[in-house]
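Report on the following structure.
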Amino acid sequence: MKNHSLPPLVHRLTHNVFIIIMTGFLVCIFSDSVQSQMVSTVNSTADDEFAHPHDKTVTPDLDESTDGFCEDSLGRCTLRAALEEAAYIGQPAYVTFNVPPPGIITIDDLQGILAPPDGSRIYGDQQNVEIFGNGAITSVLMILGYDTHVKGIQLDNALIGILISGNRNRI
């Protein structure tokens, strides 16, 4: 009787090649879910002229407005600063909230509409969060890209609470 099994070295090489191919395949399938995100915890309900990423005047050689940390010129992490900072550095935002009660963030239409980068996650389900328009703006939140998730947030007092266009967005 003949033994038709592969030599051990060929068997190991075949096995390793199979593992490499399958790993590459899985990385391609799940590449959207492994991209890096800028993680921020919003701790302020403010949305005023200071609620944008900023540069510190004491460090003119550094650009803190694109350092990947959510902080406005007053040291707060506002929703606007979190979304703008993530957009500036080209990453999706991963936003959670730890704002003082009652958790109402009133959007100033002079500052513009909130527009999260593609692939962002905005989760207010761990705390009661309400994003409140001032009535004059068309929408409070505008999602024009893909794969953005918004969960556990109440949107009030705007013509359109949320404007959505694109693919794979979840509200």
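The values are calculated or read from the model by the stated rules, or taken from the named source; none is laboratory data. These figures come from a predicted structure and were not determined experimentally. Ideal geometry is used to build each Cβ from the backbone, glycine not excepted, and the neighbour counts take in all protein chains shown. Surface areas here come from the heavy atoms of the whole protein model, side chains and all, with no ligands, DNA or RNA. Shrake-Rupley method; radii C 1.70, N 1.55, O 1.52, S 1.80 Å.
Give me the percent of DSSP beta bridges within segment 37-171 that run antiparallel, rounded to the nearest 5. Before the final figure, lay out the partial values.
Values: 1 of 24 bridges.
In segment 37-171, DSSP labels about 5 percent of beta bridges as antiparallel.
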Debye equation applied to the C-alpha atoms of segment 90-156, log10 I(q)/I(0) at 0.24, 0.27 Å⁻¹:
-1.14, -1.27
For VAL42, distant residues with modelled amide H under 5 Å away
THR96, PHE97, ASN98
Place a +1 charge on the Cβ of each Lys and Arg in segment 40-119 and a -1 charge on the Cβ of each Asp and Glu, then give the dipole magnitude about the Cα centre in debye, rounded to the nearest 20.
320 debye
Amide H neighbours of VAL150 under 5 Å, at least 5 residues apart or on other chains, H built in the peptide plane: list them.
ILE122, ARG170, ILE171
On full extension of the chain, what length is gained from ASP125 through TYR146, given 0.36 nm per residue of separation minus the C-alpha to C-alpha distance?
5.4 nm
Given the protein chains as shown and a 1.4 Å probe, how many square angstrom of HIS52 are accessible, to the nearest 10?
50 Å²
Check THR106: other-chain or 5+ apart residues with amide H under 5 Å from its amide H, H built from backbone geometry?
PHE132
If you wrap a convex hull around the alpha carbons of segment 130-171, what volume per residue comes out, as a whole number of Å³?
49 Å³
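With a sphere of radius 15 Å drawn around the Cβ of ILE104, what net charge do the other residues whose Cβ falls strictly inside it have (Lys, Arg +1; Asp, Glu -1)?
Details: positive: ARG80; negative: ASP47, ASP48, ASP108, GLU130, ASP156.
Local charge sum for ILE104: -4.
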